[in-house]
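The values are calculated or read from the model by the stated rules, or taken from the named source; none is laboratory data. All values derive from a computational prediction rather than experimental measurement. Ideal geometry is used to build each Cβ from the backbone, glycine not excepted, and the neighbour counts take in all protein chains shown. In case anyone asks, the SASA skips ligands and DNA or RNA and just uses the protein heavy atoms, side chains included. Shrake-Rupley method; radii C 1.70, N 1.55, O 1.52, S 1.80 Å.
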Amino acid sequence: MQRRTFIATAAAAGASLAVDPLGVAKDWNLSKIARYPDPAIEVIHPSFAKYRQSNAAIERLYTGARWAEGPVWFGDGRYLLFSDIPNNRMLRWSEETGEVSVFRSPSNYANGNTRDKQGRLITCEHDSRRVTRTELDGKVTVLIDRFQGKPFNAPNDVVVHSNNSIWFSDPGYGIMSNYEGHKAPFELPPNVYRLDPQTGEAVVVVSDMRRPNGLCFSPDEKLLYVCDTGMTDGPQYPHHIRVYDVVYDRLVNGRVFAEVGPGLAAADGIRCDADGNIWAGTGWGGEDSSGVQVFSPDGTLIGMIHLPEICANICFGGAKRDRLFMAASTSLYSLYVGAQGILRP
């Protein structure tokens, strides 16, 4: 694990991307004085109003990735790590300086990241088709790379339960082309797995989804939410979020939590706040779908943060866990909100 040269910040990067989701233009180059409340933050249901920080605006922290994914916050170091999959690297954004540097290159086309209870980095790698743990001394440990003797497709997203078990999705996007890994045949169906890091044994916990993707637990860990991005295989396949009851080491009673729209929009990465709301990085349904959609615990769409790029994945961070970081296509964005992420890696 080495730090390398500094990457140019957003101010030095290319032209702006325009979006006008609510009839009010926003300057994505951030060259003008911010307008409060930010017109790109939409209150769809009155219950979302308390989560909109009226004197905070969306900030573009960096642009220059090809497909940004997997943000994970390190409060003890005041930095954020995120993946730039096609460029085969992981980047590091410093809260203290605003600088972006290369954290790991090559990264084996790393995608999703999280931390375990000991603060270690857990990473899904597309190219090596494995889940790894970066120890506190920087050494990389392979946690698992095959199931029942067969290689995984391309582990995608990952969350850690408070009992230390590791839950990860394996939709296979990393072997469907050479852009985010390498093209290879599927040897396993797309599943969600639960890994016991002590024994190294994994079990299938979700096998009824077309392309299981983003994952998150509810605050009490009694529910697991899973995004299905099956629509990437065709419009006849799902693009919703499902929820399952967690019963010890199993999932039961799977059902649709929320349909994602408009059109064929899908949720990629998701996180839960302390009130049980689901914040989902979304896109693929046109400009009006690109950003973060927020669903109440009953699945009602209550708010949206409009971005000029498809949002792949998100996480909460900052000293008070009230700063939402959004990895969206080529850029990294942030927004202070009136919600707090749950106290979990």
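List of remarks:
- Lys-Lys pairs in the chain that are eight or more residues apart or on separate chains and whose Cα atoms lie under 24 Å of each other come to 6.
- Note on PHE186 and SER47: the extension gain reaches 45.7 nm, defined as 0.36 nm multiplied by sequence separation minus the Cα-Cα distance.
- Relative contact order of the stretch 124-249, defined on C-alpha pairs under 8 angstrom at six or more residues apart (%): 17 percent
- By average C-beta atoms within 10 angstrom, highest first, the peptides 297-305, 220-228: 220-228, 297-305
- Global form of the stretch 209-258, assessed from the alpha-carbon gyration tensor, a/c cut-off 1.5: prolate
- The length gained on full extension between GLU135 and SER218, counted as 0.36 nm times the residue separation minus their Cα-Cα distance, comes to 27.2 nm.
- Shape descriptor for the chain: Rg over Rh equals 0.94 (Cα atoms; Rh from the Kirkwood inverse mean 1/r).
- Computed 3J(HN,Hα) for the stretch 200-211, one whole-Hz value per residue from the Karplus formula 6.51 cos²θ - 1.76 cosθ + 1.60 where θ = phi - 60°, is x, 9, 10, 10, 7, 10, 9, 9, 10, 10, 6, 9, glycine and proline marked x.
- Dipole orientation for the stretch 53-166: of the candidates ALA110, ALA57, LEU91, ALA110 has the Cα lying most toward the positive pole (charges on Cβ; Lys, Arg +1; Asp, Glu -1).
- The alpha carbon gyration tensor of the stretch 181-306 gives principal lengths a ≥ b ≥ c with a/c of 1.5 or higher and a/b no greater than b/c, which makes the shape oblate.
- Across VAL131, VAL247, VAL204, mean-square fluctuation computed from a Gaussian network of the chain (C-alpha pairs under 10 Å connected) peaks at VAL247.
- Remark: spin-label model distance LEU264-PHE74 equals 3.8 nm, labels positioned 7 Å along the Cα→Cβ axis.
- Packing, taken as the mean count of other beta carbons within 10 Å per residue, orders the peptides 177-183, 278-284 from highest to lowest as 278-284, 177-183.
- Over the stretch 78-142, the alpha carbon radius of gyration divided by the compact-protein estimate 2.2 N^0.38 Å works out to 1.08.
- Rolling a 1.4 angstrom probe over the chain with all protein chains present gives an accessible area of which 49% lies on carbon and sulfur atoms.
- Value of relative contact order over the stretch 152-226, rounded to a whole percent, pairs C-alpha under 8 Å and six or more apart: 29 percent
- Average accessible surface area per residue within the chain, 1.4 Å rolling probe, Å²: 40 Å²
- A compact globular protein would have a Cα radius of gyration near 2.2 N^0.38 Å; the ratio found for the stretch 284-345 is 1.14.
- Net charge over other residues, Cβ less than 14 angstrom from the Cβ of LYS320 (K, R count +1; D, E count -1): 0
- Within the shell defined by Cβ-Cβ distances under 13 Å, the residues around ASP157 carry a net charge of -3, with Lys and Arg each +1 and Asp and Glu each -1.
- Between SER107 and ARG89, the built amide H atoms are under 5 Å apart, and every one of these is 5 or more places off in sequence or on another chain.
- Relative contact order %, the chain, counting alpha carbon pairs below 8 Å whose residues are six or more apart: 16 percent
- Prolate/oblate/rounded call for the stretch 101-202, Cα gyration tensor, a/c under 1.5 rounded: oblate
- FRET efficiency estimate (nearest 0.05) - Cβ-Cβ, VAL247 to ARG66, R0 41 angstrom: 0.55
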